[in-house]
Amino acid sequence: MDYKTKPISRKDLRAIARWFRHQFKCKNKFRFDVINAFERIHQLFPQITTEVVESESTDVITNLNVPAACNPDMNGGYHIAVREHVYEGACRGIGGYRAHILHEMCHAILCLLGFTPILDRTFNNNEIEPFYLSMEWQAKALAGEILVPYEETIGMSKKKIRFLCKVSDPLAKYRIFLDEHDGFDPNDYNC
């Protein structure tokens, strides 16, 4: 489910991504260590807790089709739960699993930065227009900016982005789209 929130531009998300990579002392300028960040995020954000749950468990993540979830806790923080097979896949470097975990961390980070749900459900078909008001788009875009740093990947091929950043084909393809349109993102209100 998606929720409406206050707007943010891709330019601002890029700034948050650079800050986030710096906070985790990202030694590789291309590949972000998602597992290290997942295991240490509570050091940077004490309001965020993490947990790996059994793949078939529905205790914390109620929908079996969901690989990971970020839920508010009773103390004003956020709890990120990741299914065991997703965590193990991310440890092996599978790009999609790495992105799933980081996407949930981005939800928590954005909420802590004030991008919380606005109780406005006047959108059709569960799609929020324009996209920059969507909590899902914001988390997806921030995760993409962290996983594939824009400036460092300008002019790279999809294959090289996939290899160097350890990301999925769709994420590398979208990064190429941004290059082909001089950084223009049709979902970015500051374009």
Checked segment 13-29 for anything open to solvent by 40 Å² or more (accessible area, probe 1.4 Å) and in contact (Cβ under 8 Å) with a residue 12 or more places away in the chain; matches are 18, 23, 29
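If you check residue 10 against the conditions, is it touching a Pro at 6+ places or on another chain (Cβ under 8 Å) and open to solvent by less than 70 Å² (accessible area, probe 1.4 Å)? First the steps, then the outcome.
Values: touching a Pro at 6+ places or on another chain (Cβ under 8 Å): no; open to solvent by less than 70 Å² (accessible area, probe 1.4 Å): yes.
It is false that residue 10 is touching a Pro at 6+ places or on another chain (Cβ under 8 Å) and open to solvent by less than 70 Å² (accessible area, probe 1.4 Å).
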Residue 104 vs (1) open to solvent by 30 Å² or more (accessible area, probe 1.4 Å); (2) free of Cβ contacts under 8 Å to residues at least 40 places away in the same chain: all pass except (1)
All-but-one check, residue 12 against (1) in contact with a strand residue (DSSP E or B) (Cβ under 8 Å, 6 or more places away or on another chain); (2) part of a helix (DSSP H, G or I), failing number (1)
Exclusive hit being at pLDDT below 95, part of a loop (DSSP other than H, G, I, E, B) and farther than 26 Å from residue 50 by Cβ, set 122, 116:
122
Quick test for you: out of 59, 2, pick the one residue that is assigned to a loop (DSSP other than H, G, I, E, B) and either under 18 Å from residue 115 (Cβ atoms) or touching a residue at least 40 places away in the same chain (Cβ under 8 Å) (or both).
2
Extreme residue, nearest to residue 136 (Cα to Cα), among residues of segment 55-84 that are open to solvent by less than 90 Å² (accessible area, probe 1.4 Å) and of a type in the set (S, T, N, Q)
71
Go through segment 150-166 residue by residue and tally those that are closer than 20 Å to residue 15 by Cα, open to solvent by 10 Å² or more (accessible area, probe 1.4 Å) and either in contact (Cβ under 8 Å) with a residue 60 or more places away in the chain or part of a helix (DSSP H, G or I) (or both).
3
Just give me the residues in segment 30-45 being free of Cβ contacts under 8 Å to residues at least 12 places away in the same chain and either part of a helix (DSSP H, G or I) or exposed (fewer than 12 other Cβ atoms within 10 Å of the Cβ) (or both), in sequence order.
39, 42, 43
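The values are calculated or read from the model by the stated rules, or taken from the named source; none is laboratory data. The shown structure was predicted, so the numbers you read here are calculated from the model rather than taken from an experiment. Glycine also receives a Cβ, built like all others from the backbone with ideal geometry; neighbour counts cover every protein chain displayed. Surface accessibility is based on the protein's heavy atoms, side chains included, excluding ligands, DNA and RNA. Shrake-Rupley method; radii C 1.70, N 1.55, O 1.52, S 1.80 Å.
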